[in-house]
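The values are calculated or read from the model by the stated rules, or taken from the named source; none is laboratory data. Bear in mind the structure is a predicted one, so any value in this text is a computation, not a measurement. Methodologically, a virtual Cβ is constructed for each residue, glycine included, from the backbone with ideal geometry; neighbour enumeration extends over all protein chains shown.
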């Protein structure tokens, strides 16, 4: 009798046949990271454009939300870490080919910039809180930051863009996953982050002029996001077979309802129609619904991207991964 032993190298339970390494923590982190980028960006931009009268909340009060939102995102990222006590090792080296290394060092820039933004607007935005520092040494820091308010804003814009686009590059750098293997994820996540930031301002700002301004801005960002989503689908649908399989999951597969229903329809198209009606002053009773849906849609995008990306692969696991082959070795 001729006996053959069949061996497969695919025997990593968390990875084969579907990668299940990243859970809800990463989706929340990516969403809150993008939202932080939007907050930083518009807080700085409105200040540089001298929109104090039209958008007082964005200029004077919005910046305080950035370190809070980012810290919540970092908390979920910390929960995802397998070896939490070794997180400091990210900062003992810099790896030019590692997107996580870039992310770690971008955050080193983000936190001090957000704190400088807060300090530069604290007295104008939160006078009661700033009064607690009257007569103390930290008050001198406030004065210095106020004097350098515009340079701080100029520094915040590129850092915010880097943070927003990094959340997409973190995924697209994993070329082994066909759904992530595209340069469009970075711009998509950046525009989505800016859109959620604009939606948050439209939701919580009190002045009507500011709400209308950011409703208009968000409508433009949603249109841009729809274009990038269309390009992403074209990119997947004209790629190799694994990318075609990934596109099929969105165009008739198990992710279709989430992608077209929860993200495209509820998170983009319906808010766009509501915002257009609000801009024309034909529908104001549902004004708060649009920004809420945009925020929900931004989160759903991250969930779909993280989960679907982990389920796509370049390998035909029907032939490459077979647990029965492993059992024959024992």
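Tabulated data
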item: Residue among 209, 192 that alone is surrounded by fewer than 15 Cβ atoms within 10 Å (Cβ to Cβ) and within 28 Å of residue 289 (Cα to Cα); result: 209
item: Pair list, Cβ under 8 Å, 6 or more apart: the stretch 173-196 residue on the phi < 0 side of the Ramachandran plot and touching a residue at least 40 places away in the same chain (Cβ under 8 Å), other residue outside any helix (DSSP H, G or I) and surrounded by 23 or more Cβ atoms within 10 Å (Cβ to Cβ); result: 174/181
item: Test: residue in the stretch 73-87 that is buried (at least 20 other Cβ atoms within 10 Å of the Cβ), under 15 Å from the mean Cα position of the chain (by Cα) and assigned to a helix (DSSP H, G or I); result: yes
item: Selection from the stretch 60-72 of residues that are in contact (Cβ under 8 Å) with a residue 40 or more places away in the chain and surrounded by 18 or more Cβ atoms within 10 Å (Cβ to Cβ); result: 60, 61, 62, 63, 64, 65, 66, 67, 70
item: Residue within the stretch 138-156 that is under 21 Å from the mean Cα position of the chain (by Cα), in contact (Cβ under 8 Å) with a residue 40 or more places away in the chain, surrounded by fewer than 19 Cβ atoms within 10 Å (Cβ to Cβ) and assigned to a helix (DSSP H, G or I) present; result: yes
item: Residue in the stretch 107-124 that is within 17 Å of the chain's Cα centre (by Cα) and at pLDDT below 85 present; result: yes
item: Residues being touching a helix residue (DSSP H, G or I) at 6+ places or on another chain (Cβ under 8 Å) and either in a loop (DSSP other than H, G, I, E, B) or surrounded by 15 or more Cβ atoms within 10 Å (Cβ to Cβ) (or both) - total across the stretch 116-137; result: 13
item: The stretch 233-248, subset touching a residue at least 40 places away in the same chain (Cβ under 8 Å) and surrounded by fewer than 20 Cβ atoms within 10 Å (Cβ to Cβ), residue nearest to the chain's Cα centre (by Cα); result: 235
item: Some residue of the stretch 49-59 being surrounded by 21 or more Cβ atoms within 10 Å (Cβ to Cβ), in contact with a helix residue (DSSP H, G or I) (Cβ under 8 Å, 6 or more places away or on another chain), touching a residue at least 40 places away in the same chain (Cβ under 8 Å) and not in a helix (DSSP H, G or I); result: yes
item: All positions within the stretch 97-106 that are assigned to a loop (DSSP other than H, G, I, E, B) and within 20 Å of the chain's Cα centre (by Cα); result: 98
